[in-house]
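This report refers to the structure that appears directly beneath it.
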Ligand SMILES: [Zn+2]
């Protein structure tokens, strides 16, 4: 295990938030929540290369196509929908559910990066999309190469997210967009801390990775890395119960709960004049500061 400092402000001063099998701390200076200590990066990367799930490609596409269609419509609102020659890179594309939709857009030239061997091959073979099995730092990408860079379920897995975002900023065009979907700590942290009865019922709806971002801390990090015009939305949910979070109550319970949660989150979003984003996952869209 290795110990780390705050990725945003480099402060080592923190308070312990969750003290169990894994320990999560909150930076006293900026409020960023992160896992400390953590397994070294090389160890994690090698576990990633081996991980595979049967029929994962089909399962994820079915579960995520609706929420990705929603994200594409948000992108269209930020750009001229008819714009052609759009170069897009999806970092950590997994089994390519987003790329499966994005590649069908007229004029969009899409590619992905993915360390998982099975996942990368699936995207290449089934969708015919180019996938690099590399970090973007090792790809010799020119400055301002991409119109859109996407990160879905990826930012909170990075060991040094600020550095990754600085590199992403470099490869995005002046009028380009960074689009992300990631877990919302406002939901997952509170659930982990206060929902022990759910855990007792063998329901595990909380997911914590290396970092636990809230709308506030992700905004701070993006600003530090050189982004602006940052907008944060409630994300639509995945369909069904692909991660088995519903435990013995199963899929129908989870589906209904998700629909209610989304409606409630949207209600809070609008009555707070778009200030409070509380859904378990959030969509973040930002522009590079030129
Ligand atoms: Zn900090």
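The numbers here are math on the coordinates, done by the rules we state, and not lab data. Remember, it's a predicted structure, so these values are computed and weren't measured experimentally. Note that we place each Cβ from the backbone using ideal geometry, even for glycine, and neighbour counts take in every protein chain shown.
Things to note:
- Only helical runs count toward this figure. For the chain, summing -39,500 (n - 2.57) over DSSP H runs of n ≥ 4 and dividing by all residues gives -11500 deg cm²/dmol at 222 nm.
- Ordering 95, 127, 159 from the fewest to the most neighbouring beta carbons within 10 Å gives 159, 127, 95.
- Straightening the chain between residue 193 and residue 80 buys 36.4 nm, computed as 0.36 nm per residue apart minus the Cα-Cα spacing.
- Most mobile of 44, 187, 108 in a GNM of the chain (Cα contacts under 10 Å): 44
- Relative pair counts by distance (%), Cα atoms of segment 129-199, 10 Å bins: 16, 41, 22, 14, 6, 0
- Taken along the Cα-to-beta-carbon direction at a fixed 7 Å, the label points for residue 11 and residue 249 span 3.7 nm.
- Segment 222-281 shape via C-alpha gyration tensor axes, a/c threshold 1.5: oblate
- Remark: the residue 1-residue 87 segment gains 27.1 nm on full extension, using 0.36 nm per residue and subtracting the alpha carbon distance.
- Per-residue Cβ neighbour rank within 10 angstrom, fewest leading, 147, 19, 70: 19, 70, 147
- Of all DSSP-defined beta bridges confined to the chain, some 55% are antiparallel rather than parallel.
- Reported value for the chain: 137 Å³ per residue, from the convex hull of its C-alpha atoms.
- 1, 139, 115 arranged by Cβ crowding within 10 Å, fewest neighbours leading: 1, 139, 115
- Net length gained if the chain between residue 130 and residue 273 were fully extended (0.36 nm per residue, minus Cα distance): 47.4 nm
- Label separation (residue 174 vs residue 224): 2.8 nm, computed from points 7 Å beyond Cα along the C-beta direction.
- From most to least packed by mean Cβ count within 10 Å, the peptides 252-265, 209-222 give 209-222, 252-265.
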